[in-house]
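Following: one structure in structure tokens, then a few remarks.
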Amino acid sequence: MLLVPLKPGRSLMDWIRLTKSGKDLTGLKGRLIEVTEEELAKHNKTDDCWICIRGLVYNVTPYMEYHPGGEGELMKAAGADGTDLFDQVHRWVNYESMLKECLVGRMALKPIALPKESTSALSEEKKCLNGMLPESKIVGTSKSFAPSYDWFQTDCSVTVVVYTKQKGMNSEMVILDYEDSRLRGEIIIRDYSYLLNIELSNAVQEDIAVHVAEKVGKVEIVLKKKDNIPWKKLGQPLESHNSFIKRTDQGLYYRKCKLISKTEVTHDTRLFCLLLPQSTHFQVPVGQHVYLKQIVTGKEVVKPYTPVSCSLQTHFKEPSCHDGACLFLMIKIYPSGLFSSELDRLQIGDYIYVSNPEGSFQKCQVQTLEDLFLLAAGTGFTPMIKLLNYVLTNVNSLWTVKLMFFNKTEDDILWRDQLEQLILQDKRFEAQFILSEPSKEWNGKRGKISSSLLSEFFKRSKQDSKVLICICGPAPFTEQGERFLKDLGYCKEEIHSFTA
Ligand code: FAD
Ligand code: NAP
């Protein structure tokens, strides 16, 4: 680029002064807009010149006289995408900061045709006006549901934006991992997952922010650059990148978590607290479980466990774990159990692999409930914990929550103190403990699950109330529960069984 002499008062310092003066340099009074290709093309004159660089559109009209290369150079990209030109001439220039006050907005999304080789290097994206990638590879669903993504950058950050086209998105639907320069994002949309799987081209910091615009279904993943240099491309696609596939058709993804505490719940059950990696974002939705994976006698073994809250007290805040989010698991140790006995041997500071959540329970099943009945046996109490916390704080329509809890002995009752405290605290909550091997001193209920025990305790607060009964325990217990409840007149939709 040839440098042209600038008029007096048009130096870089003068430009910086102008940008800090508070003048409206875009003509939009600070508003940011979505710019279509057609709109961009209209602004192609020296007195009205917009240029797109990496998906962001700038009104460079006020900058014309300050540009060291002169008006002619800028006009080469007037009303068009100037990314390639910009990269050829002065890629090192910090345009994001120089032109910050000239920012008009982002290019509006315009899906482009799927190239034959849709997994070609992501450097392809430079060719698109808005940095948008080819449409996602779709396996087994309609194209119109498939999300898409693009990215943009500032001096110090790179933001990947996923457009899910779904209303009612929430942060539980977004799972993100970053490990060894690989970024893996999974966005769960009903039975499908949209996957991002990229080897990033440059290094980023561990603390990654995820923002979800719930109403419009937009997910933003904000990566902080390690060295504040402009990125030419986002990275290299890895397996299944940019695809929208049935969740059942993909393997589980695991990340390594650190055991940071282990406390006694009963004589054989412990509360394990695992620390997720700092760059991992995932929350296990109410009623869902994860899989733990560890090597046992030289073989990889996987078992499901249901994360719990750290307390039944709804006002009790999860303790903030130094560097990231924690996962609490209440696990019974079977002396002859392959997996649980190995888990019990883990020391504080040891690592274990934790999968993404799974499970069929959905919060919408309890949203307008009037009665919630919980039927648990032994560690089958675990899914009831988060569920209790959730409904007692969030479901306004709720009249009663009744827990029928089967155990062998008094010593086996998990969180009995906390349950008794909750009964005192919340008028809506009742619990009944039933023991199959009680001591002589036990004056509560005894026996096994039966139709008469169920009908006696699970009484609706009013006739035809909206009810859900959740069951969890050993498989034969759950099956019997389902059968008894059906015989008592409850329909399929009123029963939810927690299973793997
Ligand atoms: P195994 O090696 O499978 O069994 C060895 C011996 O241990 C058996 O012979 C028996 O004596 C005893 N034993 C093992 N499993 C059982 C059993 N289910 N019932 C009775 N005796 C048994 N467990 C938890 O502690 N907390 C949870 O949050 C939890 N969540 C689960 C979620 C789901 C969806 C499912 C399906 C199961 C869940 N479990 C949970 C059970 C867990 O997955 C394992 O089955 C359990 O930890 C036993 O595994 P193990 O390898 O130690 O025992
Ligand atoms: P446990 O101590 O062996 O039993 C708890 C109570 O359930 C006892 O009163 C016991 O009565 C009764 N019970 C056990 N098996 C029964 C059966 N076949 N029919 C009727 N009643 C029965 O239970 P646990 O060792 O904690 O086991 C809990 C179970 O829950 C495990 O199988 C685990 O896999 C399952 N679980 C499932 C999930 C899930 O989401 N799917 C989550 C957590 C746990 P008896 O004395 O007569 O046996």
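At-a-glance table
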item: Any helices (runs of 4 or more DSSP H) falling wholly within the range 1-75 and containing at least 1 residues that are closer than 18 Å to Thr154 by Cα and not basic (Lys, Arg); result: 12-20
item: Residues (crowded, with 16+ Cβ neighbours inside 10 Å, within 18 Å of Tyr334 (Cα to Cα) and among the β-branched types (Val, Ile, Thr)) located in the range 266-295; result: Thr266, Thr269
item: Checking Ser320 against (1) modelled with pLDDT of 95 or more; (2) more than 15 Å from ligand 2 (Cβ to nearest atom); (3) closer than 28 Å to Glu206 by Cβ, the condition it does not meet; result: (1)
item: Residue satisfying condition, being in contact (Cβ under 8 Å) with a residue 60 or more places away in the chain and over 20 Å from Ser355 (Cα atoms), within set Val204, Val216, Val222; result: Val222
item: Hits in the range 374-398 (condition: of a type in the set (S, T, N, Q) and more than 13 Å from ligand 2 (Cβ to nearest atom)); result: Asn389, Thr393, Asn394, Asn396, Ser397
item: Neighbours by Cβ (under 8 Å, 6+ apart or cross-chain): first from the range 1-20, in contact (Cβ under 8 Å) with a residue 40 or more places away in the chain; second loosely packed, with under 10 Cβ neighbours inside 10 Å and in a helix (DSSP H, G or I); result: none
item: Flag for Asp426 being within 16 Å of ligand 1 (Cβ to nearest atom) and surrounded by 13 or more Cβ atoms within 10 Å (Cβ to Cβ); result: no
item: Residue check, Thr379 within 11 Å of ligand 1 (Cβ to nearest atom), at negative phi and among the polar types (S, T, N, Q); result: yes
item: Ile471 vs. criteria surrounded by fewer than 17 Cβ atoms within 10 Å (Cβ to Cβ), in contact with a Phe, Trp or Tyr (Cβ under 8 Å, 6 or more places away or on another chain), outside the structural domain of Asp268 (by TED's automatic domain parsing) and among the β-branched types (Val, Ile, Thr); result: no
item: Number of positions in the range 361-407 that are closer than 16 Å to Gln288 by Cα and assigned to a helix (DSSP H, G or I); result: 16
item: Residue within the range 323-343 that is in a loop (DSSP other than H, G, I, E, B) and more than 16 Å from ligand 1 (Cβ to nearest atom) present; result: yes
item: Residue within the range 227-247 that is in contact with a strand residue (DSSP E or B) (Cβ under 7 Å, 6 or more places away or on another chain) and free of Cβ contacts under 8 Å to residues at least 12 places away in the same chain present; result: no
item: Elements of type strands (runs of 3 or more DSSP E) in the range 420-500, at least 3 residues being over 16 Å from Ala376 (Cβ atoms); result: none
item: Answer residue from the range 213-224, given it is assigned to a strand (DSSP E or B) and surrounded by 19 or more Cβ atoms within 10 Å (Cβ to Cβ) and is farthest from the chain's Cα centre (by Cα) among those; result: Leu223
item: Top-ranked residue in the range 462-500 [being within 16 Å of ligand 2 (Cβ to nearest atom) and modelled with pLDDT under 95; ranked as farthest from the chain's Cα centre (by Cα)]; result: Thr499
item: Residues within the range 176-196 that are touching a Pro at 6+ places or on another chain (Cβ under 9 Å), touching a residue at least 60 places away in the same chain (Cβ under 8 Å) and surrounded by fewer than 23 Cβ atoms within 10 Å (Cβ to Cβ), tallied; result: 2
item: The one condition in (1) under 16 Å from Ile187 (Cα atoms); (2) buried (at least 17 other Cβ atoms within 10 Å of the Cβ); (3) small (Gly, Ala, Ser) that Gly251 fails to fulfil; result: (2)
item: Qualifying residue in the range 360-368 (condition: within 15 Å of ligand 1 (Cβ to nearest atom), modelled with pLDDT under 95 and surrounded by fewer than 17 Cβ atoms within 10 Å (Cβ to Cβ)); result: yes
item: Positions within the range 323-355 being more than 16 Å from ligand 2 (Cβ to nearest atom), touching a residue at least 40 places away in the same chain (Cβ under 8 Å) and of a type outside the set (A, V, I, L, M, F, W, C), in sequence order; result: Asp323, Gly324, Glu342, Gln347, Gly349, Asp350, Tyr351, Tyr353
item: Residues located in the range 383-405, provided they are of a type in the set (S, T, N, Q) and either over 18 Å from Val284 (Cα atoms) or surrounded by 23 or more Cβ atoms within 10 Å (Cβ to Cβ) (or both); result: Asn396, Ser397, Thr400
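Table: residues versus (1) in the same structural domain as Leu485 (by TED's automatic domain parsing); (2) farther than 22 Å from Arg270 by Cα; (3) out of contact with any strand residue (DSSP E or B) (no Cβ under 9 Å at 6 or more places or on another chain).
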| position | (1), (2), (3) |
| --- | --- |
| Met384 | yes, no, no |
| Asn396 | yes, yes, yes |
| Lys402 | yes, yes, no |
| Asp412 | yes, no, no |
| Phe429 | yes, yes, no |
| Lys440 | yes, yes, yes |
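The values are calculated or read from the model by the stated rules, or taken from the named source; none is laboratory data. None of these values were measured; they are calculated from a predicted model. Virtual Cβ from ideal backbone geometry, glycine too; neighbours counted across all protein chains shown.
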